[in-house]
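Asker: One structure, as structure tokens, below. Some questions next.
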Amino acid sequence: NQITASGNLRALSGSFDGGLDIGANVYLSAGHVMYFNDDKQSYVYEEGGGELRIGADSQVKVVPDTNFVFAPGGIDKAIFMPGAGGDAATPSAIKVGIGTLEPSNTLEVSGSITASNNLFIFNSASFGGADTGSATVTVQGDISASGFISASSIKVNSANFNGGNITNVGDIYADSII
């Protein structure tokens, strides 16, 4: 059976066993939810006049053909993009940019980063860069190392060893001490 309408069509309840082909906009009244199955485990609704909420009892996956861009207020702010050749199946090929739409590394942040807990770096870290020539690392608290500390020069404005000594096993190397 087929229903054809040239004006508004309103259904208060019911179901469609076949497909539903709509050639115009679909509006969902405030306070209503669009479910994707009878079990109501996946749904979409509007909250508070402009906030779109997507929910699922399991995972919510966004599966774009190419990049996934966050654009609050219509301004591109962050991007998730597959690696070279669209290789999204290889996690190491995926790049995420925050504040940049052209990340060159796995994670690239353009702007300041604030962390309220620990930062763990498992290989190496570089501060500064080719365009700056130098960088400053400011530490509030103790610095400890279980391996070598290497520097071409060390500047100490003052030192207090609490009446003690520098204790070390092995050699201490410095090209110069200022």
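Asker: Based on what the data block shows, is residue 46 open to solvent by less than 100 Å² (accessible area, probe 1.4 Å), closer than 30 Å to residue 73 by Cβ and among the acidic types (Asp, Glu)? Reasoning before the result, please.
Answerer: Numbers: open to solvent by less than 100 Å² (accessible area, probe 1.4 Å): no; closer than 30 Å to residue 73 by Cβ: yes; among the acidic types (Asp, Glu): yes.
Spelling it out, it is not the case that residue 46 is open to solvent by less than 100 Å² (accessible area, probe 1.4 Å), closer than 30 Å to residue 73 by Cβ and among the acidic types (Asp, Glu).
Asker: I'd like to verify a number: residues in segment 54-73 that are touching a residue at least 12 places away in the same chain (Cβ under 8 Å) and of a type in the set (Phe, Trp, Tyr), how many?
Answerer: Residues in segment 54-73 being touching a residue at least 12 places away in the same chain (Cβ under 8 Å) and of a type in the set (Phe, Trp, Tyr): 1 in total.
Asker: So, in segment 32-50, how many residues would count as being hydroxyl-bearing (Ser, Thr, Tyr) and more than 26 Å from the chain's Cα centre (by Cα)? Don't jump to the end; show me each part of the working.
Answerer: Looking only at segment 32-50, we keep the residues that are hydroxyl-bearing (Ser, Thr, Tyr), and these are 35, 42-43, 45.
Imposing the further condition that a residue be more than 26 Å from the chain's Cα centre (by Cα) reduces the set to 35.
Looking only at that region, the number is 1.
Asker: Just need a number here: residues in segment 90-138 that are small (Gly, Ala, Ser), surrounded by 10 or more Cβ atoms within 10 Å (Cβ to Cβ) and at pLDDT 75 or above.
Answerer: The total comes to 4.
Asker: Assess whether residue 27 counts as being loosely packed, with under 10 Cβ neighbours inside 10 Å and either modelled with pLDDT of 75 or more or in contact with a Cys (Cβ under 6 Å, 6 or more places away or on another chain) (or both). Break it down stepwise before answering.
Answerer: On the way: loosely packed, with under 10 Cβ neighbours inside 10 Å: yes; either modelled with pLDDT of 75 or more or in contact with a Cys (Cβ under 6 Å, 6 or more places away or on another chain) (or both): yes.
Here the answer is yes, as residue 27 does meet what is asked.
The values are calculated or read from the model by the stated rules, or taken from the named source; none is laboratory data. This one's a predicted model, so the numbers in the text were calculated from it and none came from an experiment. We place every Cβ from the backbone using ideal geometry, glycine too, and count neighbours over all the protein chains shown. Side chains are part of the model used for accessible areas, which takes the heavy atoms of the whole protein and leaves out ligands, DNA and RNA. Shrake-Rupley method; radii C 1.70, N 1.55, O 1.52, S 1.80 Å.
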